[in-house]
1. Output yes when any residue across the stretch 315-335 is of a type in the set (S, T, N, Q), closer than 22 Å to residue 297 by Cβ and not in a helix (DSSP H, G or I), and no when none is.
2. Looking at residue 123, is it assigned by TED's automatic domain parsing to the domain that holds residue 37, more than 20 Å from residue 207 (Cα to Cα), surrounded by 19 or more Cβ atoms within 10 Å (Cβ to Cβ) and of a type in the set (A, V, I, L, M)?
3. From the list 116, 60, exactly one residue is touching a residue at least 24 places away in the same chain (Cβ under 8 Å) and either touching a Cys at 6+ places or on another chain (Cβ under 7 Å) or surrounded by 21 or more Cβ atoms within 10 Å (Cβ to Cβ) (or both). Which is it?
4. Report yes if some residue within the stretch 508-515 is of a type in the set (Ser, Thr, Tyr) and modelled with pLDDT of 80 or more; otherwise report no.
5. If you check residue 109 against the conditions, is it among the basic types (Lys, Arg), assigned by TED's automatic domain parsing to the domain that holds residue 191, without any contact (Cβ under 8 Å) to a residue 40 or more places away in the chain and within 30 Å of residue 207 (Cβ to Cβ)?
6. What is the one condition in (1) modelled with pLDDT under 50; (2) of a type in the set (A, V, I, L, M); (3) part of a helix (DSSP H, G or I) that residue 62 does not satisfy?
7. Please name all residue pairs, on different chains or six or more residues apart, with Cβ atoms under 6 Å, provided the first residue is in the stretch 371-397 and is in the same structural domain as residue 258 (by TED's automatic domain parsing) and of a type in the set (S, T, N, Q) and the second residue is at pLDDT below 80 and assigned to a helix (DSSP H, G or I).
8. Restricting attention to the stretch 84-95, does a residue exist that is more than 24 Å from residue 137 (Cβ to Cβ), among the aliphatic types (A, V, I, L, M) and surrounded by 18 or more Cβ atoms within 10 Å (Cβ to Cβ)?
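The values are calculated or read from the model by the stated rules, or taken from the named source; none is laboratory data. Since this is a predicted model, take the numbers as computed values, not measurements. Reconstructed Cβ throughout: ideal geometry from the backbone, glycine too, with neighbour counts over all protein chains shown.
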Amino acid sequence: MESAVAAPPGGTAAAEKTSGTSGSVPESHSHTSWIEARLCVAGENQETRQRKVQFTIASMLVVPAGFLWGGVYILYGEPGVAPYPIAYSVLTLLDLLLLFRLRRFELFRWVQQVLMFVLPIALQFALGGFVGSSLVILWSFIAVLESLLFGGEREPLWWLAAFVAAVLGVAYLEPGVGIGNHLPRSVVLAFFVGNSVAVMGISFLVLYAFVTDRRRMRQLEVAFLNQEMALRQSEKLATLGGLAAGVAHELNNPAAAARRASEQLRDAFARLQEAERKIASACISPADREALTRLDAEARQRAAKPSDLDPLARSDREAAVEEWLEDRGVPNPWELSPALAAQGLDPAALESLAGSLPAGSVAPIVTWASAVFPVYSLLHEIGEGTSRISEIVGALKSYSYVGQAPVQAVNLHEGIDNTLVILRNKLKAGIAVRRDYAADLPHIAAFGSELNQVWTNILDNAADAMSGRGEIRIRTRRENGWAVVEIEDDGPGIPEDVQPRIFDPFFTTKPVGKGTGLGLSTSHAIVTGKHHGAITVESRPGRTKFTVRLPIELPAAALEGK
């Protein structure tokens with residue numbers, strides 16, 4: 001039967017560690033990656049992915065094993081029993097074909113469990129009881145293990161109950177303890193040893209995996225608790241380390257993408273220059289030049305808007321383009337087809353293009369079109385990467401202003417108004433701003449430019465949350481020795497479970513590429529750390545209010561930088 005059911009959960013980390021120690025990808029790993037791409041869905045953890053892959057591989061191995069098993073029965077005088085394992089192999093093969101066709105792993109898993117459960121029971125009856133069948137019914141227990149690995153909380157209990165009922169039922173219907181078939185005793189004994197060792201071995205591996213995983217989780221829990229205690233004792237140092245690591249990570253991805261694209265751009269330019277030389281030697285007409293101009297404009301536009309085709313549709317289009325190029329005698333069609341397909345040139349578009357060109361100009365122009373698109377595509381990637389770097393550096397630069405601005409008498413109303421002017425382009429689309437300023441609010445001693453960062457961050461977040469539509473209301477008042485500023489918007493609000501974290505460094509609820517997570521963290525540091533004030537948030541759907549409380553007279557500790 002099956003030689004393996006699933007990878008031990010504890011083996012996941014080892015597999016990840018092993019895969020990271022070599023720059024080359026083993027062939028077996030590429031095969032499992034191919035299987036994983038067709039089985040797994042987004043959001044699944046690595047352990048679940050590996051279990052699915054190895055369960056599928058084990059099912060594949062069963063196909064030849066079943067035919068071999070049936071051959072053994074035929075060889076030793078039991079041809080009537082041979083169809084059982086052979087049928088199992090055939091049904092498993094069909095199940096595998098449906099799996100890769102429909103990509104429904106749960107259906108595949110259920111079919112395999114039923115086959116694994118039913119076949120040993122059928123063989124038990126066909127071979128004459130527990131002894132004659134070499135205790136083959138033990139293999140039905142594998143279905144219980146499979147449900148334990150992949151099923152829900154109650155499913156394994158039902159499978160276990162079914163296994164116990166099957167054993168009791170077979171014992172009642174086939175109570176004999178003799179060998180009632182034509183198999184030699186040595187073969188019966190060999191099967192008995194093999195069945196017992198294999199099933200017990202698989203059961204041990206599964207149990208060992210669960211125990212190892214539990215120990216590993218306990219170790220991780222202890223390590224986490226120790227780390228949490230250390231972080232509490234060195235909160236400032238840990239925050240600084242987190243900021244540095246976060247910035248490095250944020251900068252690394254776009255920088256690596258831009259560098260990779262720039263390296264590829266050298267080869268792309270070389271291919272484009274070669275294509276340009278071929279066009280120059282072809283002596284194309286002015287009409288052909290116009291076609292080149294159109295293709296160039298379309299390639300530039302397509303490079304900024306990646307294709308929305310799925311991998312299968314893209315592969316089909318590339319194959320069709322390659323076939324079209326081969327029919328027209330264009331050299332190296334397999335190299336040209338991906339770039340042509342990526343910029344939206346399918347056979348129909350190519351046929352239309354070829355119809356407007358002389359026969360001798362088709363090959364050089366198509367070759368040129370396949371060379372110019374990668375250049376624009378790589379330039380677009382470099383632009384996206386460097387823009388992201390600029391955005392992060394700008395946020396970090398704002399964050400580093402802390403401590404540089406001199407203390408001065410600050411007019412809060414003037415600072416807020418200046419901030420609104422800076423954000424005018426973002427606010428004027430459909431956001432109304434209403435000011436309710438207190439006439440008796442005095443100037444306060446503060447770091448003026450840093451307070452402007454606070455207003456900018458809060459107002460910018462409010463504008464993003466309202467998606468360009470709504471109302472922002474700004475109120476100021478004096479409470480004893482404090483100046484209070486309230487900024488309220490009528491956006492969708494901040495989820496309650498998120499509110500305690502909104503002032504954490506690098507925490508953001510914006511989509512990837514829209515926020516760095518430094519804005520409110522910086523604002524919190526400026527208000528509480530530099531000015532010894534307070535900043536709080538109250539939010540519910542339709543109303544979010546930030547309240548900033550600043551001392552009118554800056555404490556001596558703030559002036560000393562404490």
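1. Scanning the stretch 315-335 turns up no residue that is of a type in the set (S, T, N, Q), closer than 22 Å to residue 297 by Cβ and not in a helix (DSSP H, G or I).
2. yes
3. Exactly one of 116, 60 is touching a residue at least 24 places away in the same chain (Cβ under 8 Å) and either touching a Cys at 6+ places or on another chain (Cβ under 7 Å) or surrounded by 21 or more Cβ atoms within 10 Å (Cβ to Cβ) (or both), namely 116.
4. no
5. No; evaluated as a whole, the condition is false for this residue.
6. For residue 62, the failing item is (1).
7. That search, which allows pairs on different chains as well, returns 377/303.
8. No, because not a single residue in the stretch 84-95 is more than 24 Å from residue 137 (Cβ to Cβ), among the aliphatic types (A, V, I, L, M) and surrounded by 18 or more Cβ atoms within 10 Å (Cβ to Cβ).
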